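The values are calculated or read from the model by the stated rules, or taken from the named source; none is laboratory data. On a predicted model such as this, the values are computed, not experimentally measured, just so you know. Don't worry about glycine lacking a Cβ; one is built from the backbone with ideal geometry, like all the others, and counts go over all protein chains shown. For the accessible areas, the whole protein counts, side chains as well, though only heavy atoms, and no ligand, DNA or RNA atoms are used. Shrake-Rupley method; radii C 1.70, N 1.55, O 1.52, S 1.80 Å.
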Amino acid sequence: MNNLNIFKKTFGWYRNLTIELLKQLPEDRMDDQISSRSIPIRCQLIDLGDMQLKIVGLMGGKHMGTFKRPSETTGSKDEIISYLNESHKAVLKTLETMDPQTTSLDWFGRMRFNFDEALAFMLAHEAMHHGEILSFIFAKDLPMPNAFKDTWGFER
């Protein structure tokens, strides 16, 4: 299995985990923050689609499709799920058009990644948001979503 296929499988797993997590978060807590320095949960979830589209764009990919980006203040769970699903498909389709030998990512002059490293960067970004949301769940003493119970073994 090549690295792009491994990425697709892992990215799909992370995205499904994100969507299951989103479905189980209480609607009335979507605009809460862990602290004044963090961004609201709703914004974090929208950021996942935004960031991955930005990454493939910076790698030279042309997005295939148009996206209705949910509002950061009023976007519903269904709108966010649709956006995450559509951006996920677009990222995968765009990556298939790129040459892994010559494609790289210049992250605003701060870091440079080859193709495989850029794929890992996308996964790390999604995992980072999972960690933030997990911290939020603990800080607000919310029930642990099944997505985290089943995947990581959290019981509370």
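What's the total number of residues in region 10-55 that are part of a helix (DSSP H, G or I) and free of Cβ contacts under 8 Å to residues at least 40 places away in the same chain? Let's see the steps before the verdict.
If we filter region 10-55 for residues that are part of a helix (DSSP H, G or I), which is where we start, we get 10-24, 27-29, 41-55.
Still in the list and also free of Cβ contacts under 8 Å to residues at least 40 places away in the same chain: 13, 16, 28, 42-43, 46, 49-50, 53-54.
Of the residues in that region, 10 qualify.
Hey, among Phe148, Phe108, Phe154, which residue is of a type in the set (Phe, Trp, Tyr), touching a Phe, Trp or Tyr at 6+ places or on another chain (Cβ under 6 Å) and surrounded by fewer than 19 Cβ atoms within 10 Å (Cβ to Cβ)? Give the steps one after another, and end with the answer.
Working: Phe148 fails: surrounded by fewer than 19 Cβ atoms within 10 Å (Cβ to Cβ); Phe108 fails: touching a Phe, Trp or Tyr at 6+ places or on another chain (Cβ under 6 Å).
On inspection, the qualifying residue turns out to be Phe154.
Of all residues being more than 15 Å from the chain's Cα centre (by Cα) and among the β-branched types (Val, Ile, Thr) in region 80-105, which is least open to solvent (accessible area, probe 1.4 Å)? Just the residue, please. Steps first, answer last, please.
Going through region 80-105, the residues more than 15 Å from the chain's Cα centre (by Cα) turn out to be 93-105.
Filter again for among the β-branched types (Val, Ile, Thr), leaving 94, 97, 102-103.
Details: Thr94: 0, Thr97: 90, Thr102: 104, Thr103: 19 Å².
This residue is Thr94.
If only one of Leu84, Leu95 is modelled with pLDDT of 90 or more, under 30 Å from Glu27 (Cα atoms) and in a helix (DSSP H, G or I), which one is it?
Values: Leu95 fails: under 30 Å from Glu27 (Cα atoms).
The match here is Leu84.
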Which listed residue, of Phe67, Phe148, Phe138, is out of contact with any strand residue (DSSP E or B) (no Cβ under 8 Å at 6 or more places or on another chain), of a type in the set (A, V, I, L, M, F, W, C) and in a loop (DSSP other than H, G, I, E, B): Phe67
Residue that is farthest from Gly49 (Cα to Cα) [pool: residues in region 121-142 that are exposed (fewer than 15 other Cβ atoms within 10 Å of the Cβ) and without any contact (Cβ under 8 Å) to a residue 60 or more places away in the chain]: Asp141
Is there a residue being touching a helix residue (DSSP H, G or I) at 6+ places or on another chain (Cβ under 7 Å), surrounded by 15 or more Cβ atoms within 10 Å (Cβ to Cβ) and in contact (Cβ under 8 Å) with a residue 60 or more places away in the chain anywhere in region 59-79? no
Of all residues in region 3-45, count the ones that are farther than 22 Å from Ala118 by Cβ, under 17 Å from the mean Cα position of the chain (by Cα) and open to solvent by 40 Å² or more (accessible area, probe 1.4 Å). 4
Of everything in region 46-58, what is open to solvent by 30 Å² or more (accessible area, probe 1.4 Å) and either of a type in the set (A, V, I, L, M) or touching a Cys at 6+ places or on another chain (Cβ under 7 Å) (or both)? Give them in sequence order. Met51, Leu58
